[in-house]
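Have a look at the structure below, then the notes.
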Amino acid sequence: MHLRRKLTLAVSATVLAVPVLSSCGFDYATDRVYTPAAGTNNRDADVDVVGAVVVAAQPGSGTFVAGLSNNDPQEPRTLVSVAGEGVNVKGLNELEIPPRGYVNLADEDIHLDGDVAAGGHVALQLEFDTGEAVEVNVPVVTNCDSFEGMDTSVKTGKGEDLAEAYSCEFPDPHSESGSDH
């Protein structure tokens, strides 16, 4: 009689525990790729696009910065074009990414002119020699803090070109009129 009771309790405990344990699932957040950064990532093709941003020192122009990681262990991949709606892309020459290699576009001076404004996004399409195209919605960040000096498209003229540059300074909250602090 004791054996039957122990067996019944064991089966009952198992039946009750299975739904509870299976509700945890197998797709834990800690098992997924996560890169905390301002940029956007796309890992849908042979070449991963990671940390993509457009760094802008002033409205209307910026520098495209991203990392390109070739997942193919044997064949190089070549970035042949970058295009976007509302922007002109300048400075891109075909760029080879070695097998299992990585290329940092911050070293390549790829400039955008057109609909570029800090706080916005630019939809870009990167095309590779294999015919694969990767689309990324790239955030536009200011040429400040960790991105300082990365916008190499900065206009070097005097006067009005410099007047429209984004400021990296935060306004002093105590200097506002009507502040009694």
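The values are calculated or read from the model by the stated rules, or taken from the named source; none is laboratory data. Quantities reported herein were computed from a predicted structural model and do not represent experimental measurements. Note that each Cβ is placed from the backbone with ideal geometry, even for glycine, and that neighbours are counted across all protein chains shown. SASA here: full protein model, heavy atoms, side chains in, ligands and nucleic acids out. Shrake-Rupley method; radii C 1.70, N 1.55, O 1.52, S 1.80 Å.
Here are the numbers for the structure shown:
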quantity	calculated
Segment 116-132, residues that are in contact (Cβ under 8 Å) with a residue 40 or more places away in the chain, open to solvent by 10 Å² or more (accessible area, probe 1.4 Å) and touching an Asp or Glu at 6+ places or on another chain (Cβ under 9 Å)	Gln125, Asp129, Thr130, Glu132
Single residue of segment 133-144 satisfying the filter (under 28 Å from Ala165 (Cα atoms) and in a strand (DSSP E or B)) that is most open to solvent (accessible area, probe 1.4 Å)	Asn137
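To keep it simple, each residue is scored yes or no on (1) touching a strand residue (DSSP E or B) at 6+ places or on another chain (Cβ under 7 Å); (2) outside any loop (DSSP other than H, G, I, E, B); (3) among the acidic types (Asp, Glu); (4) closer than 30 Å to Phe170 by Cα.
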| residue | (1), (2), (3), (4) |
| --- | --- |
| Ala57 | no, yes, no, yes |
| Val65 | yes, yes, no, yes |
| Leu68 | yes, yes, no, no |
| Ala106 | yes, yes, no, yes |
| Leu112 | yes, yes, no, yes |
| Gly149 | no, no, no, yes |
